[in-house]
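Since the structure comes first, as structure tokens, the remarks are kept for the end.
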Amino acid sequence: MKQDTTKIKYFLYARKSSESEDRQVASIESQIDEMKKVIEREGLKVAETITEAHSAKIPGKRPLFERMLSDIKSDKVQGIIVWNPNRLSRNSVDTGQLIYMFDLGKLVEVVTPSQVFRNTPNDKFLFSLLCSQAKLENDNRGIDVKRGLQKRTRVGVYPAPAPLGYINDKYAER
């Protein structure tokens, strides 16, 4: 059953993981451009656009995300439009908060360009799964980096930028 979206107010939320432009593939601007197509196609009412350049790995470290959650809890806004669920959460605490807001009826929809998540068992499960997949990717990335650094050390390559006064030789045998 399709929800009447004319009464729902949404946050448009865009996030990149780092303030460094060269380290972020999907820029905030490109996320917003894609979400504007969804807003126009579905006739959604955006109360506010929120953009942040903070990692979602650690709960409580994104001030605008925390304010957004607070506004949803106080019924000011009932939905979120986001590029991908991994923009909202890459940790179990934030994922749990979002699912709980669905359970309370405070969060009505999370809209992405390819899917709408509502307060149904299947939608909450899939939303939770996608956020958990983002956490798994982060956790695995940490293990992979550590393994790569250990290998570099075993073969005699300094596994970090060279100390002051030295230079890394990118053409050295690995």
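Where a number appears in this text, it was derived from the coordinates with a stated rule and is not lab data. This is a predicted model, so every value here is computed, not measured. Glycine also receives a Cβ, built like all others from the backbone with ideal geometry; neighbour counts cover every protein chain displayed.
Odds and ends about this structure:
- Stretch gain in nm, segment L129-V157, where the contour uses 0.36 nm per residue and the Cα spacing is subtracted: 6.2 nm
- FRET efficiency estimate (nearest 0.05) - Cβ-Cβ, K146 to D169, R0 25 angstrom: 0.60
- Max-minus-min Cα coordinates of the range 33-159 on each principal axis give 59, 30, 28 Å, with the largest extent listed first.
- All Cα-Cα separations within the range 28-97 were binned at 10 Å from zero, giving a P(r) of 18, 51, 29, 2, each value a whole percent of the pairs.
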